[in-house]
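Shown next, in structure tokens, is the structure this report addresses.
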Amino acid sequence: MSRRPVNPARRFADGGGASFTSALHQKSRSSPYLSIGLVLVGALLLIGYSYSNSGGFSSDTNAVSKVEGDISCTAEVHRAIPILQKAYGDSMHKVLHVGPDTCSVVSKLLKEEDTEAWGLEPYEIEETEGHCKSLIRKGVVRVADIKFPLPYRANSFNLVIVSDALDYLSPKYLNKTLPELARVSLDGLVIFAGYPGKQRAKVAELSKFGRPAKLRSSSWWIRYFVQTGLEENVSAIKKFEQAAGKKSYQPSCQIFHLSS
Ligand SMILES: *[C@@H]1O[C@H](CO)[C@@H](O)[C@H](O)[C@H]1NC(C)=O
Ligand SMILES: *[C@@H]1O[C@H](CO)[C@@H](O)[C@H](O)[C@H]1NC(C)=O
């Protein structure tokens, strides 16, 4: 069901690249048969690699490499999808993801059976891949500032999943944005937020997000939800934890399940 192509694909890529280069280096020294053989092997590996890329692995690979070590909660969404499916079942039918690299999450969700997915990219996209461009052209992915009312009707989605987005909002904007996220979702809102001390955006990323991430503790978030009248969905939390336990899944981000 869920493919985990990232590491194998990359290792394969490295291996392919390396043998191709060494094949070229050895060409001058060793026998012609050997070098032709090596070049052929290198070429086959390269063809295999580009084939695996065109098979749709590339978006996942990019998502993870881009967020590795800095803003990683969007990558965490990728890992959590099978668990979310267990916790939300039919509510995974129409999903909106809000966060950076949303094209990668939307592409992954669209591969799941019975799942329609949309994405909202809160920051400008600099280098857009062809695949992401086409999602934007089709209106599946939109680029919009989440400090303003969201461009969707009430209850448009069963589930809204947010990652790496709310950490960048001050309480003043959170007060506007969180009710908006709840407005467009029918069955629930899942928030992936960074742990204080664990996630840090690189300095180079800051201009994009406008302000440094304010990573808040779980008690801060829960107090905030209570203050603003948002309720945690106890049944969803239980189902999620059960499914996570079965698959030995340990998130590297805080995950909150709110009722809409
Ligand atoms: C956000 O909303 C809560 C609850 O309505 C309120 O107590 C708090 O003062 C608001 N914060 C800001 C910065 O507006
Ligand atoms: C809580 O989550 C479950 C999915 O586990 C969902 O079916 C239900 O509608 C949610 N309840 C509320 C009140 O949002």
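Name the single residue that is farthest from ligand 2 (Cβ to nearest atom) among those in segment 230-243 being of a type in the set (A, V, I, L, M) and touching a His at 6+ places or on another chain (Cβ under 6 Å). Walk me through how you get there before you give the answer.
Taking segment 230-243 as the starting set, the residues that turn out to be of a type in the set (A, V, I, L, M) are 230, 234, 236-237, 243.
Applying the additional criterion that residues be touching a His at 6+ places or on another chain (Cβ under 6 Å) yields 236-237.
Working: Ala236: 4, Ile237: 9 Å.
So the residue we want is Ile237.
Listed here are the residues, each with its yes/no results for (1) touching a Cys at 6+ places or on another chain (Cβ under 8 Å); (2) more than 16 Å from ligand 2 (Cβ to nearest atom); (3) of a type outside the set (D, E, K, R).
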| position | (1), (2), (3) |
| --- | --- |
| Leu109 | no, yes, yes |
| Glu121 | yes, yes, no |
| His131 | yes, yes, yes |
| Asn155 | no, no, yes |
| Pro171 | no, yes, yes |
| Glu180 | no, yes, no |
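Test Asp90 against the stated conditions and say whether it is at pLDDT below 95, over 16 Å from the mean Cα position of the chain (by Cα) and either away from ligand 1 (no atom under 16 Å from the Cβ) or not aliphatic (A, V, I, L, M) (or both). It would help to see each step written out before you state the result.
Values: at pLDDT below 95: yes; over 16 Å from the mean Cα position of the chain (by Cα): yes; either away from ligand 1 (no atom under 16 Å from the Cβ) or not aliphatic (A, V, I, L, M) (or both): yes.
Yes; evaluated as a whole, the condition is true for this residue.
Looking at segment 141-162, is at least one residue of a type outside the set (Val, Ile, Thr), within 16 Å of the chain's Cα centre (by Cα), over 26 Å from Lys246 (Cα atoms) and assigned to a loop (DSSP other than H, G, I, E, B)?
Of all residues in segment 141-162, those of a type outside the set (Val, Ile, Thr) come to 142, 144-145, 147-159.
In the following step, the residues that additionally are within 16 Å of the chain's Cα centre (by Cα) were identified as 142, 159.
Those left that are additionally over 26 Å from Lys246 (Cα atoms): 142.
Filter once more, so that each one left must be assigned to a loop (DSSP other than H, G, I, E, B): none.
No, segment 141-162 contains no residue that is of a type outside the set (Val, Ile, Thr), within 16 Å of the chain's Cα centre (by Cα), over 26 Å from Lys246 (Cα atoms) and assigned to a loop (DSSP other than H, G, I, E, B).
State whether the residues of segment 56-78 include one that is modelled with pLDDT of 95 or more and of a type in the set (Gly, Ala, Ser).
Scanning segment 56-78, I find no residue that is modelled with pLDDT of 95 or more and of a type in the set (Gly, Ala, Ser), so the answer is no.
Out of all the residues in segment 123-140, which are touching a strand residue (DSSP E or B) at 6+ places or on another chain (Cβ under 6 Å) and more than 16 Å from Pro100 (Cβ to Cβ)? Show your work before the answer.
Residues of segment 123-140 touching a strand residue (DSSP E or B) at 6+ places or on another chain (Cβ under 6 Å): 135, 140.
Val140 - this is the single residue of segment 123-140 that is touching a strand residue (DSSP E or B) at 6+ places or on another chain (Cβ under 6 Å) and more than 16 Å from Pro100 (Cβ to Cβ).
Report, by residue number, each residue of segment 172-197 that is more than 20 Å from the chain's Cα centre (by Cα) and either of a type in the set (Phe, Trp, Tyr) or part of a loop (DSSP other than H, G, I, E, B) (or both).
Tyr173, Gly197
What pairs come up if the first residue lies in segment 161-182 and is assigned by TED's automatic domain parsing to the domain that holds Ser218 and within 21 Å of Val95 (Cβ to Cβ), the second is in a helix (DSSP H, G or I) and within 16 Å of ligand 2 (Cβ to nearest atom), and their beta carbons are under 7 Å apart, counting only those six or more places apart or on different chains?
Val162/Leu181
What are the pairs, 6+ residues apart or on separate chains, where a residue within segment 95-106 that is closer than 14 Å to Ser156 by Cα has its Cβ under 7 Å from a residue that is hydroxyl-bearing (Ser, Thr, Tyr) and outside any strand (DSSP E or B)?
Correct list of pairs: Val95/Thr115.
List the pairs whose first member sits in segment 212-240 and is in contact (Cβ under 8 Å) with a residue 12 or more places away in the chain and assigned by TED's automatic domain parsing to the domain that holds Tyr195, whose second member is within 16 Å of ligand 1 (Cβ to nearest atom) and of a type in the set (Lys, Arg), and whose Cβ atoms are under 8 Å apart, counting only residues at least 6 apart or on separate chains?
Hits for this filter: Tyr224/Arg216.
For segment 244-259, state whether one or more residues are closer than 21 Å to Ala80 by Cβ, exposed (fewer than 14 other Cβ atoms within 10 Å of the Cβ), within 16 Å of ligand 2 (Cβ to nearest atom) and modelled with pLDDT of 95 or more. Before you say what the answer is, go through the steps one by one.
Applying the first criterion (closer than 21 Å to Ala80 by Cβ) to segment 244-259 yields 244-259.
From what's left, exposed (fewer than 14 other Cβ atoms within 10 Å of the Cβ): 245-248, 250.
Cutting the leftovers down to within 16 Å of ligand 2 (Cβ to nearest atom) gives us 245-246.
Next cut, modelled with pLDDT of 95 or more only: 245-246.
The answer is yes, given that some residue of segment 244-259 is closer than 21 Å to Ala80 by Cβ, exposed (fewer than 14 other Cβ atoms within 10 Å of the Cβ), within 16 Å of ligand 2 (Cβ to nearest atom) and modelled with pLDDT of 95 or more.
Exactly one of these conditions fails for Ser107: (1) in a helix (DSSP H, G or I); (2) at pLDDT below 90. Give me its number.
Condition (2) is where Ser107 drops out.
The values are calculated or read from the model by the stated rules, or taken from the named source; none is laboratory data. Since we're looking at a predicted model, the values are computed, not measured. Every residue, glycine as well, gets a Cβ built from its backbone with ideal geometry; the counts of neighbours run over all protein chains shown.
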